[in-house]
Amino acid sequence: MGRYLIRRLIQAIPVLLGATFLIYFLTFALGGDPVQALAGEKKADPLVAAMLREKYHLDDPFLVQYWNYLTGVLQGNLGETLNGRQVLDLITEAFPYTVNLAIVAFAIEALVGVTAGIMAALRRGKFLDQLVLLSTLLVISIPVFVTGFVLQLLLGVELKELGFDFFPVSFNESDGFKAYLLPGFILASTSLAYVTRLTRTSLMETMRADYVRTAVAKGLPRRRVVVNHALRNALIPIVTFLGADLGSLMGGAVITENIFNINGIGGLIAQAIRLDQGTVLVGVVTLLVLVYLLANLIVDLLYAVLDPRIRYA
Amino acid sequence: MRGATSAKWVAGAVIVAMAATACSTSKEGDGKAKSGGNITVVLGEPQHGLIGQNTAESEGAEVLNALFTGLVDYDNKTNEPKLAVAESIETQDSKTWTIKLKDGYTFHNGEKVDAQSFVRAWNWGANQDNAAEGLPFFSKIEGSDELAPGKDKKPTATELKGLKVVDEKTFTVTLKAPFSQFKTMLGYNAFYPLPKAFEADPKKFGEAPIGNGPFQMDGAWEHNKQIKVKRFENYAGGKAKLDGVTFKIYDNLDTAYNDLRADTIQIVDKLPTSAMATVSQEFGERYIYKPESGVGYVGLPLSTNPEAFGKVEIRKAISMAIDREALTKTIFNGTRKPADDFINPIIPGYRKGALGEVGTYNPTKAKELWTQAGGVPGNKIELGYNADGGHKEWIEAVANQLKANLGVEVTAKPFAKFGDMLTDLGDKKYKGAFRMAWSMDYPAAENYLRPIFSKVAIDHGSNYGGYVNEEFEKLMDEADKTVDPAASLKLYQQADDIIIRDLPYIPVFTYMSSSAYSKSVKNVEIDAQGRMDLANVELN
């Protein structure tokens, strides 16, 4: 187990290096002019632009720029934006919000999704099952920004007018946990639907397995059959999905963060793309690659916990 | 059955509503008609540290406007410059200017606003080593070349030769050449003063600037979140009425608008397009709709593609084939107005209908001119625009109008970003027509002509068409030299007439600003730059 862990971590190094190179190359190839982007719709003054280009080595060849970046990163310096802000600061400022939001969303999607899935699977074909199928279909088919804005208007504006101020329109630090509730739900909604359906199918299949029938025939209580025998096996594909999803929750919340004005990683990415800030983009995306790698590692380790036949050496 | 359920719902809602009004009335009771108080307003993340000399975009300017007061200010209605920190600004020849300061203005840290505080700020902005966005504004002052000799050269001076401190309250400015609009220009944020404290660490200063305006910083700038300011008690101009203002930073204006509807924030001075259809109904008197300084053009690459756009008849035909009225009504929902002069309607010197015939929709005449001039090579025009700014619809509408009225094949060509289009235009990779816009730096007719159509503007401004006309240059110089404001304005208008005759760009529309505020505030005014006049805002 320990050796496996070390091997996986060592494997992560070339993946990370490759990722930075690829992303750096892509943002470089994309072109765009961060100096002009900073000046907006008026032409950047040629002298000011030249001074900025020189200061940030924007005219250097690609490999030189990449090398400078890489040596900087190894010394813990993720670079600086054209307006003088440290990329590391930008990330550390934004990351906590994204993590909080991801945790809320993940909790909603895992708890509600798995529970609804189990209930639907055990009442196959009944009203509850139909209801779950229908509502998840609805959630999957409506784009997130529609649900987001509609619920924001209904719960944030209309409901507040009625005196219930539970779901603020936009994020405010002082609102604490409350501020994450609606965005977390919106962010979780699509995955929630998938988790529900996945749990339902997976559990239904396992319930038909021979060993479950044996367990029932042995006279075990139904609860024990479902939870300890069937569910444990049925959870493997769900854990895989949830693990991958945790990664995307950490970085993929561009739309939700934008709708609710949460200044997390998603907003940072959107801003960096808009302003052609390559260094920010590389820093953030590399971080996301790291998060994905870790999430996958955790998933792989969880397999062994769920299924004793799987062992790592 | 269905009726019964909905009746239940309605009853439920009524009870809830009654309970809600009950508690909200009690809340409103204590906040009634009291001066002071705090409000929250919308903002986008500023691009630079909050230093006037390094700010060239609207969001930073909005905050700076609350924190700083310049030598002059502009009247909210007429846009004429009026003295603010300056006691007097005088000149005999438009070349040497004597500026006297009023007593009583201090920075938020108690330091006096003296002549040196302006000289300090301008010297910093003019120095190329600081790469400040406002640098070009100092190029008119004598000695600026020594501070900004160009790339790969080192500045040979740190102080502008043209700035002389006479005494604590007086300084003189010598320009390289006479410039009659200098006084008007001084209201721009690049000319704000800076205190001694700035020199120690400009970067840190930009995070929590010490200004001389009606509001002072209340803690440092919280990036991407908010900037809080509070009333400056020793302000010598009209003291602010509110205790404090929080600029809440939004990435999405739709969210800000929903927050305004919920009264979580009180003023939104840039409404999202999605709000335009219903805002006047929803906000009534609290919806402000007024002309703004922007102008939208269709630009033509005269120097790189003279075969197509070299003939003035072709340019006139294009202009007359555009139905500005229909465009502004249907595409923009009235948030733009048809342009009828190169000078924006809010600027002293604007003449209604100055474009005359070329600004009037006349497809028959357009087709006639077009055919007489022989059309364009290949009977094809490209119309470039940046796809990230909501320009697709109107550019395509213009393309369709040209197609229908001139019988020419028009393709709308999207560029990912505005900068990409500018690069391709500069490299002569793109030789088609292009969308272009201008909004003023300071309210002068001159500012709608020189930065866009002069020779200097080919490198240092927005003259992407490469238009050059010696007669125009001469009139502009003449107007710069003329001390008498009325005579000078007349000359600028004559220069405007030449642009109207030559039509290097085709003005299509001017912008309208639309803002709204919630029930809890009053006395909200938006100035010509689209900034909120926060010092006068009061709570209801």
May I ask you to list the residues of the range B:113-131 whose amide nitrogen lies under 14 Å from a point 7 Å from Cα along the Cα→beta-carbon direction of B:Ala197?
B:113
Protein-protein interface of the range A:249-269, residues with accessible area decrease of at least 50 Å², isolated chain reference, 1.4 Å probe:
A:Asn258, A:Asn261, A:Asn263
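Return one quarter of the surface area of the convex hull spanned by the alpha-carbon atoms of chain B, equal to its mean projected area, in nm².
Values: hull surface 117.5 nm².
The Cα convex hull of chain B, projected and averaged over all directions, gives 29.4 nm².
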Using the scaling law 2.2 N^0.38 Å as the reference, what is the normalised Cα Rg of the range A:88-274?
1.20
Distance in nm between A:Asp210 and B:Asn109 label points, each 7 Å along Cα→Cβ, equals 8.3 nm
Give, in nm to one decimal, the length gained when the segment between B:Lys352 and B:Glu368 is fully stretched (0.36 nm per residue of separation minus the Cα-Cα distance).
3.1 nm
Give me Rg over Rh for chain A, both radii from the alpha carbons and Rh done the Kirkwood way, two decimal places.
1.06
FRET efficiency (B:Asn523, A:Arg8; Cβ distance; R0 56 Å; to 0.05) is 0.30
Run the simple label-point estimate for A:Val305 and B:Lys169 please: 7 Å along Cα→C-beta, distance reported in nm.
7.6 nm
Report D for the range B:175-251 in µm² per second (integer): Stokes-Einstein, Kirkwood Rh on Cα pairs, 37 °C, 0.692 mPa s.
223 µm²/s
Which ³J(HN,Hα) values in Hz, rounded to whole numbers, follow from the phi angles of the range B:85-99 under the Karplus curve 6.51 cos²θ - 1.76 cosθ + 1.60, where θ = phi - 60° and Gly and Pro get x?
6, 6, 7, 7, 10, 10, 8, 9, 10, 6, 10, 10, 10, 10, 10
For the pair B:Glu90 and A:Lys178, the simple spin-label estimate (label points 7 Å beyond Cα toward Cβ) gives in nm 6.1 nm
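Could you please report the charge total around A:Arg124, scoring K, R as +1 and D, E as -1 over all other residues with beta-carbon less than 14 angstrom from its beta-carbon?
Working: positive: A:Arg123, A:Lys126, A:Arg197, A:Arg200, A:Arg208; negative: A:Asp129, A:Glu205.
My count for the surroundings of A:Arg124 gives +3.
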Zone reached by a paramagnetic label modelled 7 Å from A:Leu134 Cα along Cα→Cβ, restricted to the range A:140-173 with backbone N below 17 Å, covers A:140-142
Report, for the protein assembly as shown, the % of DSSP beta bridges that are antiparallel, rounded to 5.
75 percent
Would you tell me the mean number of C-beta atoms belonging to other protein chains that fall within 10 Å of each C-beta in B:140-153, as a whole number?
1
Can you give the net charge of the other residues whose Cβ lies under 15 Å from the Cβ of A:Leu134, counting K and R as +1 and D and E as -1?
+4
Tilt, helix A:278-306 to longest principal axis of chain A (alpha-carbon atoms), in degrees rounded to tens, equals 20 degrees
Report Rg (one decimal) and Dmax (nearest whole number) for the protein assembly as shown, counting Cα atoms only, units Å.
31.1, 109
Using θ = phi - 60° and Karplus 6.51 cos²θ - 1.76 cosθ + 1.60, couplings along the range A:6-22 (whole Hz; Gly, Pro as x)
4, 4, 5, 5, 5, 4, 5, 4, x, 4, 5, 4, x, 5, 4, 4, 4
Quick one: Karplus J couplings for the range B:483-489, per residue in order, coefficients 6.51, -1.76, 1.60, θ = phi - 60°, nearest Hz, x for Gly and Pro?
6, 5, x, 5, 5, 5, 4
Express the carbon and sulfur contribution to the solvent-accessible surface of chain B as a percent, rounded to the nearest whole number, probe 1.4 angstrom.
51 percent
Across bins of 10 angstrom width beginning at 0, how are the C-alpha pair distances of the range B:85-185 distributed, in whole percent?
16, 44, 32, 7, 0
Per residue of B:163-173, how many C-beta atoms from partner chains lie within 10 Å of its own C-beta, taken as a mean?
0
For the range A:212-264 and the range B:68-111, what is the separation of their C-alpha centers, rounded to whole Å?
67 Å
The range A:126-163 scanned against label point 7 Å out from B:Ala277 along Cα→C-beta; backbone N under 20 Å for A:143-155, A:157-158
Cβ-based net charge around B:Glu285, under 12 Å, with every Lys or Arg adding one and every Asp or Glu removing one:
+2
Highest GNM mean-square fluctuation, chain A, Cα pairs closer than 10 Å: which of A:Met250, A:Met204, A:Met51?
A:Met51
Can you tell me the FRET efficiency between B:Glu313 and A:Ala270 if r is taken as the Cβ-Cβ distance and R0 is 30 Å, rounded to the nearest 0.05?
0.05
Report the Stokes-Einstein translational diffusion coefficient (µm² s⁻¹, integer) for the range B:297-386, Rh taken as the Kirkwood radius over Cα pairs, at 4 °C with viscosity 1.567 mPa s.
90 µm²/s
Average partner coverage of B:418-425, which counts Cβ from other chains inside 10 Å
5
Residues whose modelled amide H sits under 5 Å from the amide H of B:Asp218, counting only those 5 or more places away in sequence or on another chain, are B:Lys228, B:Val229, B:Lys230
Gained length - A:Ile298 relative to A:Phe145, 0.36 nm times residue gap less alpha-carbon distance:
52.0 nm
With +1 on each Lys and Arg Cβ and -1 on each Asp and Glu Cβ, how big is the dipole of the range B:400-540 about its Cα centre, in debye rounded to the nearest 20?
700 debye
Using all Cα-Cα distances in the range A:2-79, what percent lands in each 5 angstrom bin from 0 up to the longest?
3, 12, 17, 19, 15, 12, 7, 5, 4, 3, 1, 1
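The values are calculated or read from the model by the stated rules, or taken from the named source; none is laboratory data. Since this is a predicted model, take the numbers as computed values, not measurements. Heads up, the Cβs are rebuilt from the backbone with ideal geometry, glycines too, and the neighbour counts pull from every protein chain shown. Side chains are part of the model used for accessible areas, which takes the heavy atoms of the whole protein and leaves out ligands, DNA and RNA. Shrake-Rupley method; radii C 1.70, N 1.55, O 1.52, S 1.80 Å.
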